[in-house]
Every structure is written in structure tokens, then in C-alpha cells.
1. Pairing the Cα long axis of helix 17-28 with the longest principal axis of the chain, what angle in degrees results, from 0 to 90 and rounded to the nearest 10?
2. Taking every DSSP beta bridge with both residues inside the chain, roughly what % is antiparallel (nearest 5)?
3. Once you mark the trypsin sites (Lys or Arg not before Pro) that are in a DSSP loop and have at most 12 other Cβ atoms within 10 Å, what is the longest gap between them in the chain?
4. Which cross-chain or sequence-distant (5 or more) residues have an amide H under 5 Å from the amide H of I189, H modelled 1.01 Å from N in plane?
5. Considering only protein heavy atoms, what per residue accessible area in square angstrom results for the stretch 42-153 with a 1.4 angstrom probe?
6. Too long at a 23 Å Cα-Cα cut-off: which of K28/K176; K5/K160; K20/K160?
7. When only Cα pairs under 8 Å and 6 or more residues apart are kept, what is the percent relative contact order across the stretch 116-256?
8. Of the heavy-atom accessible surface of the chain (probe 1.4 angstrom), what whole percent is carbon and sulfur?
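The values are calculated or read from the model by the stated rules, or taken from the named source; none is laboratory data. Note that the structure is predicted; figures quoted are calculated from it, not measured. A quick note on method: Cβ atoms are made from the backbone with ideal geometry, for glycine too, and the neighbour counts reach across all protein chains shown. All accessible areas refer to the heavy atoms of the entire protein, side chains included, with ligands and DNA or RNA removed. Shrake-Rupley method; radii C 1.70, N 1.55, O 1.52, S 1.80 Å.
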Amino acid sequence: MDRLKNKVAIITGAGAGMGKETSILFAKEGCSVAVFEINEQDGIDTVNQISANGGVAKFWKVDVSNEENVKQAVQEVAATFGKIDILINNAGIVGVDKKVHELTNSEWDQVFNVDVKGVFYCTKHVIPYMLENQKGSIVNLSSIYGTLGSHELTPYHAAKGAVFAMTKQDAISYAKNNIRVNSIHPGTIMTPLVKELGSRMEGGLEAYNKLMSEKHPIGHAGEPIDVAYGCLYLASDESKFVTGAQLYIDGGYSAM
Ligand SMILES: NC(=O)c1ccc[n+]([C@@H]2O[C@H](COP(=O)([O-])OP(=O)(O)OC[C@H]3O[C@@H](n4cnc5c(N)ncnc54)[C@H](O)[C@@H]3O)[C@@H](O)[C@H]2O)c1
């Protein structure tokens, strides 16, 4: 119950999928959660669910691809809760499913603005508060697609590869300040993101789920809670000697 007792976390994209599940789990473990979410109703729903269970959470309407928006919200979190211990860079979009020769600049930028600049802006504006305390934990949601190729989603692969590289670089930059930076690489996890992606495919979500389940040696897709537990370990002091690591939560996909 107390694995994150008295800690303060910012979780981006906390209104759905893994961000929501992670927010609920962190609150159960004693953490105060700043819910950063572009979708107002979903963000408020996460906060309400946490409050109904006796946890502490507050909503900020944030578009992580807007630096001013991020800067302002981060300042308000520090003013509200007094410090920032944890940042979970979770918000992300998959973008278009095209091969590189078919892509337009704006399709490329759409994904990079959220998935890469979002991580850059949130990290940039949270780090000064962690430096003040000489302590912190940042978890970046990359993907199996950040280190492996696949049959789909070219800009998403490139963006998640950038997040993977930023994780290593930031881990080294801030290791002496006791700010740890790690990445999580999920396989297919059944969230609204995957449901939307699957529904675009011929045969719909059922066909996509079957295709992806076969690619995971364990034989099925994962659940948001599988990733939330990984975030919990990396955010907590249990992982105090872990930085620059990649945690694959993928049913064995990357072991093939
Ligand atoms: N689901 C998977 O199979 C899978 C696999 C590997 C990696 N990931 C990554 O994990 C993270 C979470 O994925 P998910 O499946 O839970 O996604 P999701 O779409 O279910 O939830 C993402 C949340 O982020 C919010 N969001 C989107 N753009 C935003 C922005 N600009 N600013 C603030 N919030 C924004 C959405 O409104 C949504 O609530 C993403 O970074 C995703 O790329 C997902």
C-alpha cells in the first residue's frame, strides 16, 4: 500500500489506457498524482475514480506538444504539492500507417510533436524541480517498436526510437544528481489506442488482436495493469540502482 508513500507524480496521458491504470495504482500506493491529459472529461474521470477510493489526485488540461502549456502546468503542480518526485512520460499517439516514401511532412510532425517533443518538454520543465531535491525518477513510455522494425506505423517507430535514445542520454546526464531515467517498451496492450488502431485494419479489432497475439510468444496481448506495475517499480525507491534501463513488458515479443 505504501510503495510510493508521500511522493508526487506527474503522469501524462492519464485519462485512458496505461496512463489511467498507472495513476490509479500510484494513488493506491500513497502517491499524489497530477493527471496531465488533453481530453478534459477523461482526465476528470481518472481524478474522480482516485478520489472515490480515498486517493489524492488533481487534473491539469495539458497538451504535451505545447511547451507553454507544459511549463505552466508543471509550475502549478510544484506549487500545489510542494515538489515533484516522479514523471511518467506516457502520452502518445500512433499516427498514420504509411511507409516512408508515402509520408508527408505534416504526418511525420504530427507524431513527433506529441511522442518526442512531448517527452522533451515535460522532462525539460520537471528536471529543475528534481535537481532542487537531488532526486527523481522519470519513466518514458517507448515501445517494442522503438527498438525493432515491424509491418506498420513508420513515424511511430522513429518517434519511439528517439524516446529510447533520449532515455539513455538523460540517464547519463543526470545520474550524478540521483535522477534516474528508464524506458518501458510494451508489446501490444489492449487500450483505447490499440482498439482504434485495430479497427482501422481489414477484419477490424478481432483480426488485429489475432495477428498481434500470434506475434507474442505468451500467446495474447497484455493489459494496462501489466505496464502499470512496471512503472511502479521504476518510480519507487525499490529501483534506486536502476537507470538507463529498458524494461520490455511484451509477453516475450522482443526475445524472438
Ligand atoms: N497500447 C499499446 O499496445 C502500446 C504499446 C507500446 C507503447 N505504447 C505507448 O504507451 C503509451 C500509452 O499508450 P496507451 O495505449 O495507453 O494509449 P491511449 O491512447 O489508450 O491513451 C493515451 C492517452 O494520452 C492522451 N493524449 C494523447 N495526446 C496527448 C497530448 N498531446 N497531450 C496530453 N495527453 C495526450 C490521450 O487523450 C489518452 O488519454 C503511449 O506513449 C503509447 O505510444 C502503447
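1. Roughly 30 degrees, rounded to the nearest 10.
2. Bridges in the chain are about 0 percent antiparallel.
3. So the longest stretch without any such site is 100-239.
4. Under 5 Å from the amide H of I189 lie the amide H atoms of G222, each far enough along the sequence or on another chain.
5. Details: 5090 Å² over 112 residues.
With the other protein chains kept in place, the stretch 42-153 gives 45 Å² per residue.
6. Those over the limit are K28/K176; K5/K160.
7. Across the stretch 116-256, relative contact order equals 28 percent.
8. 53
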